[in-house]
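The values are calculated or read from the model by the stated rules, or taken from the named source; none is laboratory data. The structure presented is a predicted model; accordingly, all values stated were derived computationally and were not measured. Quick reminder, even Gly has a Cβ in these numbers, built from the backbone with ideal geometry, and neighbours come from all protein chains shown. With ligands, DNA and RNA removed, areas are computed over all heavy atoms of the protein, side chains included. Shrake-Rupley method; radii C 1.70, N 1.55, O 1.52, S 1.80 Å.
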Amino acid sequence: MKYYSTNGNAPLASLADAVRNGLAPDGGLYLPVHLGRMPRAFFDNISEMTFREMSFAVAYMLFGEDVPPDDLKSILADTLNFEVPLVKVDDRIFSLELFHGPTLAFKDFGARFLARLMSYFHTATYGTSVLNVLVATSGDSGGAVANGFYGVPGVRVLVLYPSGKLSALQEAQFATLGENIMALEIDGNFDDCQALVKQALMDDSLKGNVMLTSANSINVGRLLPQMFYYFSAYSQLLHSGATDSRMVVAVPSGNLGNLTAGVFAKMAGLPVSRFYAANNSNDVMCRYLATGSFEPKPVVDTIASAMDVGNPSNFSRILALYDNDYSRICADMCGATYSDDLIADTILNVYHHNHYLLDPHGATAYRALADNLRPGEVGVMLETAHPSKFKVAVERVIGEEIDVPSRLSVFLGGEKRSIGMPSSYGLFKRFLLSL
Ligand SMILES: *Cc1c(COP(=O)(O)O)cnc(C)c1O
């Protein structure tokens, strides 16, 4: 499969190049030239397949020309070594729990898959030279990528994050690791961190001296594996007996990577009736869906902090996937936006009435479904993180202490090893050259 750039000014790339480049040379994002459809027989059998089996079928459709089946199987086996349960929250709404991986958030899927895919391609071509992986994080992606690559030979990860904007746990998940993981604490916001990464990746004089790539949600090798769990949601819905209802999927949205993966799944044949892009007060996507005009805005801080994004990078992919056709986009998705007060209200209500504890991000998706589902529809909300990742905010809402699973709390015992840096490209570049 070849990959094209959304800016339309770069040569077609192989999967290996698209994964290594991260960003296309013209500054655009890569998309597959042709997205296949899963065959009818796949959907006939999907309720009998394990998550690994259905993921392999989808992965083979996407990557079968580029990675031999046995290597693809072992990449998947190492990536998907945890459960993805669909849990009933109320009569019409199910929660797809994407937080059973090592860092308790959905970004484990893409990050673990990408780490293994990159290492597969890099060592095949460059042997032992060091590849630097740049990642800007607004929350969980740094931890997921750092843990995905931790200890992988020949690869060094640099995590750029906004000083003071992450929870202690989120920061500890990458800043305490050491070894091949470096944490750069930037005096700025997430958009500043993302801008430093983008500028470095487009700087030819820098790239002549240091091997650089990215692992943000802009990397197509991180995005595509996020399709897998949408198929699992459907299969588990069939098992739950919800066979005559139309499936509506709500996605807590920031940079729109998760939603883009959902759109891929639908285009590959998954019967999703429509999506909800659930926003916090950073409602750029929601406003676009309501008005047809895309206007990036300064970030405001919310309790769903991993969605505090003012200029969502995957928007250009969504436009490209629908040939810039606003009416086709609106036929497939709607927006919903919730203030911190409504998010808190939702967490509290669902906790008391349904005995299910949402995290602030999942709460936006739950609320989008609760407010908008029509008769004959069943809702799947993506629960993108375990509530204990946002312990302080969630405890304040419910007025009770919550347990932190041990695979998360272990990070808090480690020593923080971040390097502080102003938001200056000149300094960042000098630092990279000194490595
Ligand atoms: C990153 C993140 C999101 C937003 O996902 P996008 O793919 O950037 O839209 C939502 N919830 C949590 C917990 C996250 O970490």
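For region 11-129, the strands (runs of 3 or more DSSP E) that sit wholly inside it and include 3 or more residues that are in contact with a Leu (Cβ under 7 Å, 6 or more places away or on another chain) are 93-97.
With the condition kept exactly as written, say whether any residue in region 31-49 is within 16 Å of the ligand (Cβ to nearest atom), of a type in the set (S, T, Y) and over 30 Å from S5 (Cβ atoms). Spell out the reasoning first.
Narrowing region 31-49 to residues within 16 Å of the ligand (Cβ to nearest atom): 31.
Right, trim to of a type in the set (S, T, Y) and you get none.
Scanning region 31-49, I find no residue that is within 16 Å of the ligand (Cβ to nearest atom), of a type in the set (S, T, Y) and over 30 Å from S5 (Cβ atoms), so the answer is no.
Is region 265-277 home to any residue that is of a type in the set (S, T, N, Q) and open to solvent by 10 Å² or more (accessible area, probe 1.4 Å)? Checked against the condition, which is being of a type in the set (S, T, N, Q) and open to solvent by 10 Å² or more (accessible area, probe 1.4 Å), region 265-277 yields at least one hit.
All conditions but one from (1) closer than 19 Å to M307 by Cα; (2) of a type in the set (G, A, S); (3) open to solvent by less than 50 Å² (accessible area, probe 1.4 Å); (4) more than 21 Å from the chain's Cα centre (by Cα) apply to G164; the one that does not is (3). Taking region 419-432 as the range and being buried (at least 17 other Cβ atoms within 10 Å of the Cβ) and closer than 13 Å to Q199 by Cβ as the test, the residues that pass are S423, F428, K429, L432. With respect to the conditions (1) more than 13 Å from the ligand (Cβ to nearest atom); (2) among the aliphatic types (A, V, I, L, M); (3) within 30 Å of L131 (Cβ to Cβ), M267 falls short on a single one, namely (3). Candidates M182, M247: the one that is away from the ligand (no atom under 16 Å from the Cβ), touching a strand residue (DSSP E or B) at 6+ places or on another chain (Cβ under 7 Å) and open to solvent by 10 Å² or more (accessible area, probe 1.4 Å) is M182. Give the residue that is farthest from the ligand (Cβ to nearest atom), with candidates limited to residues of region 346-356 that are open to solvent by less than 40 Å² (accessible area, probe 1.4 Å) and aliphatic (A, V, I, L, M). Across region 346-356, the extreme among qualifying residues is V350. The one condition from (1) crowded, with 19+ Cβ neighbours inside 10 Å; (2) outside any helix (DSSP H, G or I) that K416 does not meet is (1).
For region 360-376, residues that are open to solvent by less than 10 Å² (accessible area, probe 1.4 Å) and more than 15 Å from the ligand (Cβ to nearest atom) total 1. Every residue in region 140-158 that is assigned to a loop (DSSP other than H, G, I, E, B) and surrounded by 24 or more Cβ atoms within 10 Å (Cβ to Cβ), please. Of everything in region 140-158, just one residue is assigned to a loop (DSSP other than H, G, I, E, B) and surrounded by 24 or more Cβ atoms within 10 Å (Cβ to Cβ), namely D140.
A quick yes/no check of all residues on (1) of a type outside the set (D, E, K, R); (2) crowded, with 24+ Cβ neighbours inside 10 Å; (3) touching a helix residue (DSSP H, G or I) at 6+ places or on another chain (Cβ under 6 Å); (4) in contact (Cβ under 8 Å) with a residue 24 or more places away in the chain:
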| site | (1), (2), (3), (4) |
| --- | --- |
| F109 | yes, yes, yes, yes |
| L114 | yes, yes, yes, yes |
| L117 | yes, yes, yes, yes |
| T125 | yes, no, no, yes |
| T128 | yes, no, no, yes |
| V133 | yes, yes, no, yes |
| S138 | yes, yes, yes, yes |
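State all residues of region 377-413 that are in a loop (DSSP other than H, G, I, E, B) and either touching a residue at least 40 places away in the same chain (Cβ under 8 Å) or buried (at least 20 other Cβ atoms within 10 Å of the Cβ) (or both); if no residue qualifies, say none. Of everything in region 377-413, those that are in a loop (DSSP other than H, G, I, E, B) and either touching a residue at least 40 places away in the same chain (Cβ under 8 Å) or buried (at least 20 other Cβ atoms within 10 Å of the Cβ) (or both) turn out to be T384, H386, I402, V404, P405.
Based on what the data block shows, is D108 of a type outside the set (G, A, S) and over 17 Å from the mean Cα position of the chain (by Cα)?
On the way: of a type outside the set (G, A, S): yes; over 17 Å from the mean Cα position of the chain (by Cα): no.
Answer is no for this residue.
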